[in-house]
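Structure first, then comments.
The values are calculated or read from the model by the stated rules, or taken from the named source; none is laboratory data. Owing to the predicted nature of the structure, the values given are computational and were not obtained by experimental measurement. So basically every Cβ, Gly included, is an ideal-geometry build from the backbone, and we count neighbours across all protein chains shown.
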Amino acid sequence: MKLLLLLACLLPLLAAAQPRLDYQVYYAPHLTTEGLRVQLSVRTPKAEDSTYFHFANEVWGEPDLLRCLTGLTGAGPGYRFRVVPDSSRIVVYHPHGREVRFSYRIRQDAADYARDQFNRPRVTDAYFHVLGESLFAVPEFITKAPTEPTLTATIRWVGFPAGYVLHNTFASQPAGQQTFRGKLWTQFYRSLYVGGDYRLQRFTYQNRPVYLAVRGQWQRYDEAQVLSALQRTLTAQRDFWHDAGPASYTVFLSPTVTLRDSAWRGQSMRGESLYQGFKLQSSNNPFNNWELLRYMFNHEMMHDWIGGQIRGAHEELNYWFTEGFTDYYAYKNRLRSGDVTLEQWVRDFNADVIQKLYANAERNQPNYLIKDNFWKSRSFEKLPYRRGAVFAFWLDNQILKRSNYTRSLDDLMRELRQACLPPGQQFTDERFLTLAKTYLHEDISYLFQKHILSGADLPLAKADLIEGFDVDAAQPVPTLKIIGAPATLRERYLGLKPAAKTVAQQ
Ligand SMILES: [Zn+2]
């Protein structure tokens, strides 16, 4: 009985600890002009005359987003509103009390967006594509919490015609109402909501659904090929990490600007990871590159783990790892999944990693300068990718050799992930070097300091690599080569020999 009483006392406290928000999103036949109407109702912790709501004016580099929010309307008389873009704030004056209910509309702030405007809300009669952060206002008594808040939100989709496609990172075709429970910034706001002329495809990985949501008529991408490339990549990645993945996962592929002629031969593509998903947006023209799309799948989705689950404590200073090792595993997993042969792998690694590193004017710059220049200089931006990938290749070979092919960098990566999964655990250079020492039985701090932090070239020599790899070091740019049968080397490099299969499968 005592326990019951205690529970009865605790329950209201728990309910108060996790705020609840109710949203209704309304369909309109002319979404271009009317926008998506969102009605929000919330109960404030105590009776008030006004309440501050957060609506980000800038999201992922996209400025002035409050221009996309219009039509603020209270649920009854006595409501007034003041929008303060610099503070990402909507001040809602309302009748004294704890119940606050109002609505607003989310619209495009231009008839068409440019090809590099990736993160503005897209709302047209044909479709919508809106980030959670640009769809849902949240009261500041939640957003201003010192640690990341959790919340419960119900979202009701009202008036959408039968057969209208509705899909988001939490639910597919939500019939009526969906409920979200989780974290605000990294989950609720890191979500994407689409609807309209999207086409949904689905496959499963260990009974967990994976969706491909595509719209537009792509001139160079065949949808069946896109789906199979996605399935191949994602399967190889989850197999690699021994990770069944989230309860549901969606890859969104949307065109930004479509050109049917040869007025512009370039391609502007961006991929960004979401909570339980990944979005790709690209210009669509006859010159789109199929290889680029496959590379994006392999590099960007690898960030769900490297950079996502293994989170760098020092952002740009850790890019040699979060970008360099992501890139290395983008290449290695393409070899593992059968996407490329070993000969192709060697050709690509030489051309896209080693040669580009040696052609980089900033290649011997120290790591700390990457922090200041990453967003300013294309050469600095690319430096950690290639420097890190070459280091990863060297380290992988060293672990394979010194363990007599019983372990590889793959095992180190999985162990690192396990170490970084608990809350508060992050990637640091020190954690990495300590772990590497247990694999190499040698401290590589000096080498790391010299080649990664100070920026001296890391020499690739045949003696450092596993049997079957050779390096032509006679040229100014070292070139990786294969000696002997590629199939044997592939097995050795990927650890496919039965003797090397000592890693426990989950
Ligand atoms: Zn990346």
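Values as computed for the structure displayed
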| quantity | calculated |
| --- | --- |
| Single condition LEU458 does not satisfy, out of (1) in contact with a His (Cβ under 8 Å, 6 or more places away or on another chain); (2) without any contact (Cβ under 8 Å) to a residue 24 or more places away in the chain; (3) not aromatic (Phe, Trp, Tyr) | (2) |
| Counted residues, the stretch 240-297 - those being touching a residue at least 60 places away in the same chain (Cβ under 8 Å) and part of a helix (DSSP H, G or I) | 6 |
| From ARG105, ARG67, ARG98, residue being surrounded by fewer than 17 Cβ atoms within 10 Å (Cβ to Cβ), in a strand (DSSP E or B) and on the phi < 0 side of the Ramachandran plot | ARG98 |
| PHE240 farther than 24 Å from LEU416 by Cβ, touching a Phe, Trp or Tyr at 6+ places or on another chain (Cβ under 8 Å) and modelled with pLDDT of 95 or more | no |
| The stretch 302-316, residues that are among the aliphatic types (A, V, I, L, M) and either surrounded by fewer than 16 Cβ atoms within 10 Å (Cβ to Cβ) or more than 10 Å from the ligand (Cβ to nearest atom) (or both) | ILE310, ALA313 |
| Every residue from the stretch 277-295 that is over 21 Å from PRO209 (Cα atoms), in contact with a strand residue (DSSP E or B) (Cβ under 7 Å, 6 or more places away or on another chain) and within 15 Å of the ligand (Cβ to nearest atom) | LEU292 |
| Any hit, the stretch 229-247, residues being within 16 Å of VAL194 (Cβ to Cβ) and touching a strand residue (DSSP E or B) at 6+ places or on another chain (Cβ under 7 Å) | no |
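Quick grid of which residues meet (1) within 12 Å of the ligand (Cβ to nearest atom); (2) in contact with a helix residue (DSSP H, G or I) (Cβ under 9 Å, 6 or more places away or on another chain); (3) part of a helix (DSSP H, G or I); (4) under 15 Å from LEU409 (Cβ atoms):
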{"site": "HIS299", "(1), (2), (3), (4)": "yes, yes, yes, no"}
{"site": "THR326", "(1), (2), (3), (4)": "yes, yes, yes, yes"}
{"site": "TYR329", "(1), (2), (3), (4)": "yes, yes, yes, yes"}
{"site": "ASN333", "(1), (2), (3), (4)": "no, yes, yes, yes"}
{"site": "VAL340", "(1), (2), (3), (4)": "no, yes, no, no"}
{"site": "ILE354", "(1), (2), (3), (4)": "no, yes, yes, no"}
{"site": "LEU357", "(1), (2), (3), (4)": "no, yes, yes, no"}
